[in-house]
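These notes concern the structure reproduced below.
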Amino acid sequence: MKSKLYYLVRKFLGQHQRNELKLVQYKIEKKLARYKKQFYGTFSEEDLFQELTSKLPTNYEILMVHSSYSNMLPNYQGKLTDLLHLFKRICGDSKTLVMPAFFFGDRKYNYDINRYYTDHGEFQVDRTPSQMGLLTEIFRKHPEVQVSAHPTHRIAALGPLSQEIIADHEKCITGCGKGSPFDKMASKRTLILGCGTRYYQCMTQTHSPEDFLIESAAYPTRFELSKIPVRLKFNDGKTIDHILTLPDKTGYQRKLHPFLRKLLSNQEMFEWRFHGVPFFYAYAHPVQEALLGAARRGKSAYSK
């Protein structure tokens, strides 16, 4: 039911309207917070650490985290900084922690990337805030975190593989395609973790096989491509000229649920709830291969 409502909202409302709806939802949930706590109970940072370490497999090099702190409230009693500390604690020194630090234009342009970059023509790699939630922005600004140079699908990484993951993102044709951090993560033991969110709402890895095949015009759903010159600017004064390639998906709806759910087993993508909060994990490689295989059979998650 929730997935159907999610797709109905995305079908009939633009990004600005969806953001306004989220504010209304937030106010309603704030009023219901007391009842949610009574019904589901509360949990601390330590409770969540024990839950994740008991549920997550250990055979991975990279942990790619998608999270919604607001959706974890009021049941989660910790602060944002506690949540970041938890993920760093899970990864330790041997694993690499990755989060999205995406940017899709601003409210003035109704988050229309094409219009925004056609007018602005530049992206401040080290300064532009992440639009993927406050946790990702706190992570991006961490002094040891490195970010990739891409105007829409920038990622932030901390750990032994961070430099390898972010390298040459600005040279990629598309944000998630060949040579991108998502392509690299699919070639390694990358575990994708969702906290307070569902896979069909956030899993960017699913765009990697799309972009990979769109670049070679082999994707079963054909999109027109626009190419926009964007100058990438860095704090040290360095600049890079980048061509932002955007597929025009106007008139199409993407229904990842139940499309992906049918392609993966419960072992390949595991979903559960903890004190009423949704969680999931999946390895990047099976996700990549499942969607590539479906596309090569002429199937995609898009419909008119």
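Collect the residues in the range 241-266 that are surrounded by fewer than 14 Cβ atoms within 10 Å (Cβ to Cβ) and not charged (D, E, K, R), keeping them in residue-number order.
Scanning the range 241-266 gives I243, T250, G251, Q253, P258, S265, N266.
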| message | Given the criteria more than 21 Å from the chain's Cα centre (by Cα) and farther than 27 Å from I165 by Cβ, does T118 qualify? | response | yes
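Given the criterion over 15 Å from L246 (Cα atoms) and surrounded by 15 or more Cβ atoms within 10 Å (Cβ to Cβ), identify the matching residue among I173, I155, I113.
Details: I173 fails: over 15 Å from L246 (Cα atoms); I113 fails: over 15 Å from L246 (Cα atoms).
When all the criteria are applied, what remains is I155.
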| message | Could you go through the range 160-171 and let me know if any residue there is within 24 Å of L291 (Cα to Cα), assigned to a loop (DSSP other than H, G, I, E, B) and either at pLDDT 95 or above or touching a Lys or Arg at 6+ places or on another chain (Cβ under 8 Å) (or both). | response | no
| note | Within the range 218-246, residues being touching a Gly at 6+ places or on another chain (Cβ under 8 Å) and more than 21 Å from Y116 (Cβ to Cβ) number 1
| request: Output the qualifying pairs, or none if there are none: Cβ atoms under 9 angstrom, residues six or more apart or on different chains, first residue in the range 273-289 and of a type in the set (D, E), second residue crowded, with 19+ Cβ neighbours inside 10 Å. | output: E289/A186; E289/P209
| task | Check H142 against each of (1) buried (at least 23 other Cβ atoms within 10 Å of the Cβ); (2) free of Cβ contacts under 8 Å to residues at least 60 places away in the same chain; (3) touching a strand residue (DSSP E or B) at 6+ places or on another chain (Cβ under 7 Å) and name the one condition it does not meet. | result | (1)
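Taking Y199, is it touching a residue at least 24 places away in the same chain (Cβ under 8 Å), more than 28 Å from P57 (Cβ to Cβ) and within 22 Å of the chain's Cα centre (by Cα)?
Working: touching a residue at least 24 places away in the same chain (Cβ under 8 Å): yes; more than 28 Å from P57 (Cβ to Cβ): no; within 22 Å of the chain's Cα centre (by Cα): yes.
Against the criterion (touching a residue at least 24 places away in the same chain (Cβ under 8 Å), more than 28 Å from P57 (Cβ to Cβ) and within 22 Å of the chain's Cα centre (by Cα)), Y199 does not qualify.
How many residues are β-branched (V, I, T) and farther than 25 Å from S70 by Cα if we restrict to the range 256-304? Steps first, answer last, please.
To start, the set of residues in the range 256-304 that are β-branched (V, I, T) comprises 277, 287.
Applying the additional criterion that residues be farther than 25 Å from S70 by Cα yields 287.
Total satisfying the criteria: 1.
Only one of these is surrounded by 20 or more Cβ atoms within 10 Å (Cβ to Cβ) and on the phi > 0 side of the Ramachandran plot: G121, G133. Name it. Please lay out each step first, then the result.
Working: G121 fails: surrounded by 20 or more Cβ atoms within 10 Å (Cβ to Cβ).
Going through G121, G133 in turn, just one is surrounded by 20 or more Cβ atoms within 10 Å (Cβ to Cβ) and on the phi > 0 side of the Ramachandran plot: G133.
If you scan the range 51-62, which residues turn out to be of a type outside the set (V, I, T) and either surrounded by 12 or more Cβ atoms within 10 Å (Cβ to Cβ) or closer than 11 Å to F87 by Cα (or both)?
Initially, the range 51-62 is screened for residues of a type outside the set (V, I, T), giving 51-52, 54-57, 59-61.
Hits for the range 51-62 are E51, L52, K55, L56, Y60, E61.
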| message | Anything in the range 211-240 that is modelled with pLDDT under 95 and crowded, with 22+ Cβ neighbours inside 10 Å? List them, or say none. | response | F212, I214
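The values are calculated or read from the model by the stated rules, or taken from the named source; none is laboratory data. This one's a predicted model, so the numbers in the text were calculated from it and none came from an experiment. Neighbour counts are summed over all protein chains in view; Cβ atoms, including those assigned to glycine, are modelled from backbone coordinates with ideal geometry.
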